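Take a look at the structure below.
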Amino acid sequence: YLLTTWSTYWDDGYDEKLIINNNDLLCINSNESSCSGFPVYGNFEGIPIIVDILYDDNIPEIICKNKEFISIMDNTGNIIINIPSYNYNENLNIVPNWGSNSRAALINGNRLFIFKDYNQNYSYWHNPKSDTYNSSIVSGPENRQGLEYITGGIDLSKVFNYPNPVKNGITKFRFFV
């Protein structure tokens, strides 16, 4: 799966691509050379997301499903933390501004992991259907190329409410038409 391209992450002037190939995570510069620290060998699957949720350092982390874990890595491929994965069949998603501008929730099945150092300015991919500006894409190929849009209806796989459970009798429903 092709994930994304961006240049500010490594500050080397190249646009990088993250790819999961044969369960390994590759980072390739636009000149086809490997990024420092890559490939990362593992059991990676799905589509990684790129979000600054750890530390207050203006450097985004790479978040991937890695067999029974969710691995959060730095920009050189070092795994910072592994947290348990509770849903192997669904992609990871980030909900920004969870209660405040500096918090975000990582959604994994029916579990939420809340991070308190979220930085929107250095967050590039909140979910597999977003673009570098985090504009949601309702439908399209997983590699984000040749996008096709559905013509009508609600995408029920993207309907959810927050906060969940309901707080003070109030919840918001988010959906994409």
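The values are calculated or read from the model by the stated rules, or taken from the named source; none is laboratory data. Source: prediction; values computed, not measured. Quick note on the areas: whole protein, heavy atoms, side chains included, nothing else; ligands and nucleic acids left out. Shrake-Rupley method; radii C 1.70, N 1.55, O 1.52, S 1.80 Å.
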Handout entry: Area of residue 45 that stays accessible when all protein chains are in place (1.4 Å probe, Å², to 10)
Key = 70 Å²
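Using a 1.4 angstrom probe with every protein chain in place, what is the largest-first accessible-area order of 98, 125?
These residues rank, largest area first, as 98, 125.
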Problem - Accessible area (Å², 1.4 Å probe, nearest 10) - residue 171 - result: 40 Å²
Fill in the blank from the handout: When every protein chain stays in place and a 1.4 Å probe is rolled, 61, 32 sorted by accessible area with the largest first are 32, 61
